[in-house]
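The values are calculated or read from the model by the stated rules, or taken from the named source; none is laboratory data. Only a predicted model underlies this, so the values are computations on that prediction, with no experimental measurement involved. All Cβ positions, even for glycine, are placed from backbone atoms using ideal geometry, and neighbour counts span all protein chains on display. Side chains included, ligands, DNA and RNA excluded: accessible areas come from the protein's heavy atoms. Shrake-Rupley method; radii C 1.70, N 1.55, O 1.52, S 1.80 Å.
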Amino acid sequence: MNPVTSFLVFLFLVAGIASAYWGNLFVAIALFIVAAFVAASLKMANVWQKFVILRVGKLQSVKGAGMFVIIPIIDSVAAVIDQRIQTTAFNAEQALTKDTVPVNVDAIIFWNVTDAEKAALAITNYREAIDRVAQTSLREMIGSSMLASLLSDRKDADEHLKEEIGRKTAPWGISVTSVEIRDVAIPVALQDAMSRQAQAEREKQARVILGSAEAAIAAQFVEAANTYAGHPVALQLRAMNIIYETTKERGATILLPSSMVDSLNPSPAVLALALAGRALPEVPHDAERQVAPSAS
């Protein structure tokens, strides 16, 4: 009983009791009858509710939000339908995929009643029916899907379930808003195998990248070797630079093979030219003029 009806019934009962107390028995009886009539006939529907009214077993009307009156005994409320969005959780345990892998899938469906008349008259219990249809559709979808696609293509699976469940529940006046798969659980042994497979794929990719890097480095070494082959002095400078970089740290001791030391030593011709180039600028111009006549 809604608050408005309860309040009116209370007023009529109080008035009837007061009339009986003052000796107006007939008025009291009339007020009691009116209170009973109000309690049985005055109904109120909330904005999200639909009242399906039957009159002598036949559909009389579907009442919406607000106050309305029915005829007691003749009219009856067959169902009160809540048209707000509802959620129903469902699952499929040990369902086999197309590649015969047992999985446990948990999902949730969002739905609402769009036709209160069909929901009340076309099916006995539409809530239980939605749960059964959702479970059946989920098992059918799992049986027609490979495990890899079920794990990776969640959105496609959600859309497929939404269309399938919506098609089955449409004759009941129920619309499916969305279906979301929350979890796909696979056996522990299969999880370990998939983990090892993923690790092997990553190791394979790492080895391929490392091989590509080695090939690129080898190509650079070949190019550097060709450069050093045509410029021996450049090779000596490079060797000296390597020794310098190595001896930056204090207390470092380096043992060099004699052949490497010899390669770092300049040739006699290069040394002579260096000494000559250093000695020539030190001779004054006047001395050169004096030495020249004496030599002649």
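From VAL56, VAL47, grab the single residue that is under 19 Å from ASN2 (Cα atoms), of a type in the set (A, V, I, L, M, F, W, C) and exposed (fewer than 14 other Cβ atoms within 10 Å of the Cβ).
Selected residue: VAL47, the only one of VAL56, VAL47 that is under 19 Å from ASN2 (Cα atoms), of a type in the set (A, V, I, L, M, F, W, C) and exposed (fewer than 14 other Cβ atoms within 10 Å of the Cβ).
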| task | Looking only at region 49-71, decide whether some residue is basic (Lys, Arg) and closer than 30 Å to VAL184 by Cβ. | result | no
| message | For region 163-182, which positions are open to solvent by 70 Å² or more (accessible area, probe 1.4 Å) and within 11 Å of ALA107 (Cβ to Cβ)? | response | GLU180, ARG182
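Let's see how each residue does on (1) open to solvent by 10 Å² or more (accessible area, probe 1.4 Å); (2) more than 27 Å from VAL80 (Cα to Cα); (3) at pLDDT 90 or above:
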position: ILE109; (1), (2), (3): no, no, yes
position: ALA122; (1), (2), (3): yes, no, no
position: ALA129; (1), (2), (3): yes, no, yes
position: LEU150; (1), (2), (3): no, yes, no
| query | Can ALA157 be described as at pLDDT below 90 and touching a Leu at 6+ places or on another chain (Cβ under 7 Å)? | reply | yes
| Looking at region 59-116, what strands (runs of 3 or more DSSP E) fall wholly within it and have at least 2 residues that are in contact with a helix residue (DSSP H, G or I) (Cβ under 9 Å, 6 or more places away or on another chain) and closer than 13 Å to LEU138 by Cα? | 86-96, 102-113
| field | The one condition in (1) surrounded by 14 or more Cβ atoms within 10 Å (Cβ to Cβ); (2) at pLDDT 85 or above that SER144 fails to fulfil | value | (1)
| remark: Scanning region 139-185 for residues that are β-branched (Val, Ile, Thr) and assigned to a helix (DSSP H, G or I), the one farthest from THR88 (Cα to Cα) turns out to be ILE142
| query | Just one of the numbered conditions (1) of a type in the set (D, E, K, R); (2) open to solvent by 40 Å² or more (accessible area, probe 1.4 Å); (3) within 50 Å of the chain's Cα centre (by Cα) is not true of ASP82; which one? | reply | (2)
| query | Residues of region 1-47 being of a type in the set (Phe, Trp, Tyr) and in a helix (DSSP H, G or I), which ones? | reply | PHE7, PHE10, PHE12, TYR21, PHE26, PHE32, PHE37
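A quick yes/no check of all residues on (1) without any contact (Cβ under 8 Å) to a residue 60 or more places away in the chain; (2) over 19 Å from LEU161 (Cβ atoms); (3) of a type outside the set (Lys, Arg):
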| residue | (1), (2), (3) |
| --- | --- |
| ASP75 | yes, yes, yes |
| ALA78 | yes, yes, yes |
| ILE85 | no, no, yes |
| PHE90 | yes, no, yes |
| THR97 | yes, no, yes |
| ARG132 | yes, no, no |
| field | Cross-chain or 6+ apart pairs with Cβ under 6 Å, region 59-70 first and on the phi < 0 side of the Ramachandran plot, then of a type in the set (Phe, Trp, Tyr) | value | LYS63/PHE51
| Just one of GLU180, GLU203, GLU140, GLU164 is at negative phi, acidic (Asp, Glu) and without any contact (Cβ under 8 Å) to a residue 12 or more places away in the chain; which is it? | GLU203
| remark: Counting only residues that are surrounded by 16 or more Cβ atoms within 10 Å (Cβ to Cβ) and hydroxyl-bearing (Ser, Thr, Tyr), region 93-107 contains a total of 1
| note | Of LEU11, LEU42, the only residue that is modelled with pLDDT of 85 or more and within 29 Å of LEU121 (Cα to Cα) is LEU42
| remark: Only unsatisfied item for GLY211, checking (1) modelled with pLDDT of 85 or more; (2) within 30 Å of SER137 (Cα to Cα), is (2)
| query | Hey, any hits in region 102-115 for a residue that's farther than 21 Å from ASN46 by Cβ and in contact with a Pro (Cβ under 7 Å, 6 or more places away or on another chain)? | reply | yes
